[in-house]
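Reviewing the structure listed below.
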Amino acid sequence: MKTKSHILVLFLIVIISSCNNEEVSGPSGNVEYTQIDFDASWSKSGKMIVFIHNDLEAELSGLYIMDTSGNNKRQIVQGNVNSPDWSVNDTAIIFDEGGTLSIVNTTNGIVRTIDPGPDSHTGKWSPLNNRIAYISNSDLYLSEPNGTGKMLIMTSCAWPDWSPDGRYLFFLRPSQGSSGTRNGDTLYRFDSQTGMKSIFNYFLDEGYRYNSHLSISEEKAYFSSVFSDVSAYVYDYHFDNYFIARIVNSLSYSPDYDAISGRLIYTNRERGDGRLWILETNGSFRKLIY
């Protein structure tokens, strides 16, 4: 999706140059940074984590997996990839690279394409029936893991994610004001059993203009918002009382909810960090060591 791509490219330029854990001195004497971890995703079993590592040393950039303690980290795809998500049985990961949606086998490393694009991304594997939701040319589709049975859900969408039981597919639809400029998002829900689509809420406040990385629990929708100065924070939206709250007060991005443990993983964007952190169920924050 062009909207997603433009925002993400701008955002990554800023985070690579402003919030990472390896500092070097640039020609101007200013501090520059060389790497960032983001787009973390829990496996369906809650035992593994996949994430993207972006590094100025190109061979180090790519898709990595590790256990939830931060051990046994290994790269399984090299390159400028994004938006990984696990299969139901934790044996494969869907990801996008250059507008192509692909699946990698985590055991043998074999990669196969399920949608060549040219602008396909943000694949999300259903925990219920193995179907994949993804964005292609700004539109939301469902398909089988082999790319067959492709079905259009809605046009002009972004950031899909399944409910933990796999029945509902949530997604954002960018909203525009009278001037034609983007002024927020509408949160939708698609019922995979009935085919019905419904609006859950409008995120139209100035503070929630650019929303991304939607992640759904039984009671909440988690997401990150990027502001006009490219600062970003993680929020949650309660389905029962419609309340939106900032839940990470430090600069933060790309949250993902674990339905097994109830924990949230996200990227800490504070200067000198750029690593993955976990919001525990007791409300404490912990930097993941890996």
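Points worth noting:
- The HN-Hα couplings worked out from phi for the stretch 42-59 by the Karplus form 6.51 cos²θ - 1.76 cosθ + 1.60 (θ = phi - 60°) are 6, 6, 5, 7, x, 9, 10, 10, 10, 7, 9, 10, 10, 9, 5, 7, 3, 5 Hz, whole numbers, x standing for Gly and Pro.
- Mean separation of Cα contacts under 8 Å, 6 or more apart, over the residue count of the chain: relative contact order %: 14 percent
- Footprinting exposure proxy for His121, His53, His238 (fewest neighbouring C-beta atoms within 10 Å first): His238, His53, His121
- Residue order, fewest to most surrounding Cβ atoms within 10 angstrom, among Ile247, Ile114, Ile135: Ile247, Ile114, Ile135
- Hydrodynamic radius (Kirkwood) for the stretch 178-290, which is based on Cα pairs only, to one decimal in Å: 15.1 Å
- Overall form of the chain per C-alpha gyration tensor (a/c, 1.5; a/b vs b/c): rounded
- Relative contact order computed over the stretch 110-165 (Cα-Cα under 8 Å; 6+ residues apart), in percent: 30 percent
- Normalised by the number of residues in the stretch 135-290, the mean separation of alpha-carbon contacts (under 8 Å, six or more apart) gives a relative contact order of 11 percent.
- For the pair the stretch 121-200 and the stretch 53-84, the centres of their Cα atoms are 26 angstrom apart.
- Trypsin sites (Lys or Arg not before Pro) lying in DSSP loop within the stretch 205-290, provided at most 15 other Cβ fall within 10 Å: Arg271
- Cα-centred dipole magnitude for the chain, charges only on beta-carbon of K, R (+1) and D, E (-1), debye, nearest 20: 440 debye
- Listed residues Gly123, Gly195, Gly98, most fluctuating in the chain (Gaussian network, C-alpha, under 10 Å): Gly195
- Neighbour count of at most 14 Cβ within 10 Å plus DSSP loop: longest GluC sites (Glu not before Pro)-free window in the chain: 58-217
Values in this text are rule-based calculations from the coordinates and carry no lab data. Computed from a predicted structure; not experimentally measured. Methodologically, a virtual Cβ is constructed for each residue, glycine included, from the backbone with ideal geometry; neighbour enumeration extends over all protein chains shown.
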